[in-house]
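Written out below as structure tokens is the structure these notes cover.
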Amino acid sequence: MSKVLIIGAGGVGTVVAHKLAQQATVFTDITLASRTLAKCNAIADAVHRKTGGNKIKTAQVDADKTDELIALFKAVQPELVINVALPYQDLSIMDACLACGVNYLDTANYEPLDEAKFEYKWQWAYRERFKEAGLTAILGCGFDPGVTGVYTAYAAKHHFSEMQFLDIVDCNAGDHGKAFATNFNPEINIREVTQPGKYWKDGQWIYTDPHEIHRALNYPNIGPKESYVIYHEELESLVKNFPSLQRARFWMTFGQEYLTHLRVIQNIGMARIDPILYNGVEIVPIQFLKAVLPNPGELGENYTGETSIGCRISGLDRNGQKLTYYVYNNCKHQDAYKETGTQGVSYTTGVPAMIGAMMFVQGLWKKPGVFNVEEFDPDPFMEQLNKQGLPWHELFNIDLEL
Ligand code: NDP
């Protein structure tokens, strides 16, 4: 018996709901809550049509309000909350977890609404309180962050005696047929990719202009794609948890069309996160922009192509010899759509969130405190990735290009 509560009925929440329902013997009681009840009901209906079984229960909640969350947790009594709302809600949900004795899992670290800055410090500050309460919090359990941390932990456990260089490479070679759309929440996405670049080298952070470092990298089954060094949140925990890393970077592909739109959006002030007065009403330009952009959760139908995300690692193998290693997954947007009605980016995030929840309820990833995914045993998670739709592949002693 396990009772779980999903918060957030967007693209990722849709996938999590489908994948939890497919595992009816592991997750026996599922509730989906979000700001808009109608979205939860539509997802519950779609899941029921596909998987049958017990229908997912639904509820309305404003997850910015801890008192509303506490009332919901008392009514639902979940063992675990899967937070796939927005990063702004992480702390209010963690507060409610502490108040009600509920365990916690998310896919993105906390970001203050008025500052585009993601850091683990706010959530790591909950470590002692979760530990004292005997509760587990699993942070960043999507694909990146998430699977990329598990891949790194797996490489450290099985292949390397010393990992020296880590490059996380994230390619979306999909085509959704729109002039401009983001693959997950547009507000969070644009805040992320317009930040200055930042990577780890010889014990310190090196800062760059946004998209300053770029080069073509070859992705399996896809070929060369221009890839840009951007800052990504898992770098912060990975360099702490694997201190032998001399350099750690994150590369993401962007098409020229996407970058041109982004530049225009920034230049005309539509990426602003501070409120402005419009017709006597305060609006935040980036939030208004989100309202007119395509909904990422609905891009799936005409989305072709695939994603390829992995870790390229070099260092010394278990015999002290030089080793280069690449572990990755490719995910086709159309396969994701057929299974869950969403595109590959929602899918590659939602499947690992479900697996993390499975690890927790099966007692495999359960210890009091606040943890990043690489602090748990990667093996059972890696095994499930192969079974749950995100199979991985390993290449040894190849040219990593980096
Ligand atoms: P969406 O915008 O599609 O969905 C977010 C959902 O959260 C919406 O249903 C929204 O409600 C709900 N929500 C927002 N604010 C509140 C609130 N105050 N109270 C209750 N519900 C709220 O986003 P995605 O599904 O694309 O992304 C979800 C999360 O996954 C994000 O945090 C994102 O950063 C993360 N992510 C992580 C990745 C990874 O690999 N680790 C990759 C991609 C995404 P409403 O419908 O009413 O607006």
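The values are calculated or read from the model by the stated rules, or taken from the named source; none is laboratory data. What you see is a predicted model, and the numbers here were worked out from it, not measured in a lab. Quick reminder, even Gly has a Cβ in these numbers, built from the backbone with ideal geometry, and neighbours come from all protein chains shown. Ligands, DNA and RNA are stripped out before the accessible areas are found, and what is left, the full protein with its side chains, is counted by its heavy atoms. Shrake-Rupley method; radii C 1.70, N 1.55, O 1.52, S 1.80 Å.
The ratio of the alpha-carbon radius of gyration of the range 161-219 to the globular-protein estimate 2.2 N^0.38 Å is 1.43. How big is Rg to Rh over the range 3-139, alpha-carbon atoms, Rh as the Kirkwood inverse-mean-distance radius? Answer for the range 3-139: 0.96. For a test of understanding, tell me how many lysine pairs in the range 139-277 have Cα atoms under 28 Å apart, given they are 8 or more places apart or on different chains. Lysine pairs meeting both conditions in the range 139-277 amount to 8.
Descending by average beta-carbon neighbour count within 10 Å, the peptides 106-112, 178-184 line up as 106-112, 178-184, the highest first. Less than 5 angstrom separates the built amide H of residue 306 from those of 173, 174, 333, all sequence-distant by 5 or more or on a different chain.
Solvent exposure of the chain, expressed per residue, is 41 Å² of accessible area, with all protein chains present and a 1.4 angstrom probe.
For the residues 382, 270, a 1.4 Å probe over the protein chains yields an accessible-area ranking, largest first, of 270, 382. For residue 260 and residue 393, the difference between the fully extended length at 0.36 nm per residue and the C-alpha to C-alpha distance is 44.5 nm. Largest accessible area first, the residues 18, 261, 214 order themselves as 214, 261, 18 under a 1.4 Å probe with ligands, DNA and RNA left out. Annotated for the range 3-139: lysine pairs at least 8 residues apart or interchain, Cα distance under 25 Å, count 27.
Taking 0.36 nm per residue of separation and subtracting the current Cα-Cα distance, fully stretching the chain between residue 95 and residue 292 would add 67.7 nm. In this view, the solvent-accessible surface of residue 209, computed with a 1.4 Å probe and all protein chains in place, comes to about 100 Å².
Per-residue packing, averaged as other Cβ atoms within 10 Å, sorts the ranges 145-157, 93-105 into the order 145-157, 93-105, beginning with the highest. Measuring max minus min along each principal axis, the C-alpha atoms of the range 314-402 give extents of 44, 38, 20 Å (largest first).
Summarising the overall dimensions of the chain from its C-alpha atoms, the Rg and Dmax are 20.2, 68 angstrom.
The residues 365, 392, sorted by heavy-atom accessible surface at 1.4 Å with ligands and nucleic acids left out, run 392, 365 from largest to smallest. Accessible surface for residue 277 stands near 130 Å², nearest 10, in the context of the full protein assembly shown (1.4 Å probe). Once the Cα-Cα distance is subtracted from the 0.36 nm per residue extended length, the residue 162 to residue 335 segment shows a gain of 58.6 nm. Residue by residue, the range 302-315 carries 3J(HN,Hα) couplings of 9, 7, 10, x, 8, 9, 9, 10, x, 10, 10, 10, 9, x Hz when phi is fed to the Karplus relation 6.51 cos²θ - 1.76 cosθ + 1.60 (θ = phi - 60°); x denotes Gly or Pro.
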